[in-house]
1. Any residue that is over 30 Å from Asn260 (Cα atoms), in contact with a helix residue (DSSP H, G or I) (Cβ under 9 Å, 6 or more places away or on another chain) and open to solvent by 30 Å² or more (accessible area, probe 1.4 Å) - is there at least one of those in the stretch 134-141?
2. Can you name the residue in the stretch 1-17 that is part of a loop (DSSP other than H, G, I, E, B) and either out of contact with any helix residue (DSSP H, G or I) (no Cβ under 9 Å at 6 or more places or on another chain) or surrounded by fewer than 18 Cβ atoms within 10 Å (Cβ to Cβ) (or both) and, of all such residues, is modelled with the lowest pLDDT?
3. Output the residues belonging to the stretch 390-413 that are farther than 28 Å from Glu323 by Cα and touching a helix residue (DSSP H, G or I) at 6+ places or on another chain (Cβ under 6 Å).
4. Across the stretch 258-315, which residue is nearest to Ile137 (Cα to Cα) among those that are assigned to a loop (DSSP other than H, G, I, E, B) and open to solvent by less than 10 Å² (accessible area, probe 1.4 Å)?
5. Can you name every residue in the stretch 207-225 that is touching a residue at least 60 places away in the same chain (Cβ under 8 Å), part of a loop (DSSP other than H, G, I, E, B) and either in contact with a strand residue (DSSP E or B) (Cβ under 7 Å, 6 or more places away or on another chain) or at positive phi (or both)?
6. Would you confirm, using the coordinates I've provided, whether Trp156 is surrounded by 13 or more Cβ atoms within 10 Å (Cβ to Cβ), in contact with a strand residue (DSSP E or B) (Cβ under 8 Å, 6 or more places away or on another chain) and assigned to a loop (DSSP other than H, G, I, E, B)?
7. Gly220 passes all but one of (1) of a type outside the set (Phe, Trp, Tyr); (2) open to solvent by less than 10 Å² (accessible area, probe 1.4 Å); (3) farther than 16 Å from Phe249 by Cα; which number fails?
8. Do we have any residue at all in the stretch 75-83 that's of a type in the set (S, T, N, Q), under 23 Å from the mean Cα position of the chain (by Cα) and open to solvent by less than 20 Å² (accessible area, probe 1.4 Å)?
Amino acid sequence: MSKNLTSRAEDYSKWYNELVVKADLAENSAVRGCMVIKPYGYAIWEKMQAELDRMFKETGHQNAYFPLFVPKSLFEAEEKNAEGFAKECAVVTHYRLQNDPDNEGKLRVDPEAKLEEELVVRPTSEAIIWNTYKGWIQSYRDLPIKINQWANVVRWEMRTRLFLRTAEFLWQEGHTAHATKAEALEETEQMNDVYAEFAQNFMAIPVIKGVKTESERFAGAIETYCIEALMQDGKALQAGTSHFLGQNFAKAFDVKFTNNEGKLDHVWASSWGVSTRLVGALIMTHSDDKGLVLPPNLAPFQVVIVPIFKTEEQLEMISEKAESIIKALKALGVSCKFDKRTTHRPGAKFAQHELQGVPLRIAIGPKDLENNTVELARRDTLSKETVQIDGIASTIKDLLEVIQDELFNKALKFRDEHTTEVDDFETFKNVLETKTGFISAHWDGTAETEQKIKEETKATIRCIPLTSKKLEGTCVYSGKPSNQRVLFAKAY
């Protein structure tokens, strides 16, 4: 299977697209720009959901659900948000179809069924949620409200790519309301930290925490915090964002509360979200020319056992041993699949599980039973070793932790080696074209310079790192004074 994959060196984009389809993660649908997430791809998303949902609840959030449709008048209430998303909105104008009198067996939109007010298919839910919060909040006793929603959204993208950018995608969006600016800011920063922790501890992806420039902020936000990751082709990927909304949406929807001093004030807000593009990030960070490489913490199953047999009797004996291994693994919290299909030869099974990135593979044959051993193969290094069955569950548990750590360290090494400090624009352009990756450079703080660099190089300011120290210098483009370095890169 993997032999048919285009190599990353030959065409990284083509490699990615082929891998998503051949590994059975997703495929394009009959709806332009929308994807079908297949069971194996959805299993990865479910693992992500489960861990994130646990982390959200541990930080005091609750899940709820709000309508898919937003009346246009509500959507346009916060002007910057409406303006920012206007060109990406899908809009419902009618509520009924009818038989087409001119084309038998066909349907048409009923011209008499026009909605009094158009409905926007949510590109994000601030408008409908803040309109709802108006009825929930009267006093400081009603605060804070810390709600998360698992949902789908629609943004009418023109150029789409499976998982990374589709017209409809799955995500979670958190929306919180607070009595003070300090509380809302603390929430915004906390959730960015949660995303960073998830990316690093579960996805094995090192990320840089930072804030966006004004031109890159979420529409309607005062400040946007983000985590930025670097893919193997040297392009950056925004892996999560958390927005401090100030009182913008509260004022737009007239959400006021009586504070503990008896005074009326607008509430303070945050919103934050990650989406199925995380699956794309996972693929592009770790995978190789043979297929997926999945970190054990997010693999649909961490171990696969493949029996090597010729007779039914051999399969029966191997199955008995396999079941005892599976039982021991489950007791240690390790997920395992026993692939005893008789419709596929062992070689075909090996190829499939290699392509799908299963972290560890166990092969058991009749001779292994005699020797009380198995062959244990790692997906990340493609190495194999013979190990004793006695104590194998603990061996595997420890090895999975090693694999998780080594994947992170490998990605971190790559990122560090592809982060370059530059002080002049010629070097900036040269690094961007030859080495790629993050470029740390001084910027004069103006949107004009930011736009010119983008036009000339297609590189954008990914973030102003939170760890960035104030350091006097001169802008890499304009030569004007600058007080700190920012990170540039080409990005998805």
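The values are calculated or read from the model by the stated rules, or taken from the named source; none is laboratory data. Keep in mind that what you see is a predicted model, and the values were worked out from it rather than measured. Positions of Cβ are backbone-derived with ideal geometry, glycine not excepted, and every protein chain shown enters the neighbour counts. Heavy atoms of the whole protein, side chains included, go into the accessibility calculation; ligands, DNA and RNA do not. Shrake-Rupley method; radii C 1.70, N 1.55, O 1.52, S 1.80 Å.
1. Of the stretch 134-141, the ones over 30 Å from Asn260 (Cα atoms) are none.
No, the conditions are met nowhere in the stretch 134-141.
2. Initial filter on the stretch 1-17 (part of a loop (DSSP other than H, G, I, E, B)): 1, 5-11.
Checking the rest, the ones that are also either out of contact with any helix residue (DSSP H, G or I) (no Cβ under 9 Å at 6 or more places or on another chain) or surrounded by fewer than 18 Cβ atoms within 10 Å (Cβ to Cβ) (or both) come to 1, 6-7, 9-11.
Working: Met1: 51, Thr6: 97, Ser7: 97, Ala9: 97, Glu10: 97, Asp11: 97.
Step by step, filter the stretch 1-17, then rank; the result is Met1.
3. If the condition is that a residue be farther than 28 Å from Glu323 by Cα and touching a helix residue (DSSP H, G or I) at 6+ places or on another chain (Cβ under 6 Å), then Leu407, Ala411 are the ones that fit.
4. Going residue by residue through the stretch 258-315, those that are assigned to a loop (DSSP other than H, G, I, E, B) are 259-263, 267, 276, 287, 289-290, 292-295, 299-302, 308-311.
Then keep just the ones that are open to solvent by less than 10 Å² (accessible area, probe 1.4 Å); that gives 267, 276, 287, 292-295, 299.
On the way: Val267: 9, Thr276: 32, Ser287: 47, Leu292: 47, Val293: 47, Leu294: 44, Pro295: 43, Ala299: 42 Å.
Applying the filter and picking the extreme gives Val267.
5. Lys212, Thr213, Phe218, Gly220
6. Yes.
7. (3)
8. Within the stretch 75-83, the first condition is being of a type in the set (S, T, N, Q), and the residues that meet it are 81.
Next cut, under 23 Å from the mean Cα position of the chain (by Cα) only: 81.
Still in the running and open to solvent by less than 20 Å² (accessible area, probe 1.4 Å): 81.
Looking for residues that are of a type in the set (S, T, N, Q), under 23 Å from the mean Cα position of the chain (by Cα) and open to solvent by less than 20 Å² (accessible area, probe 1.4 Å), one finds at least one in the stretch 75-83, hence yes.
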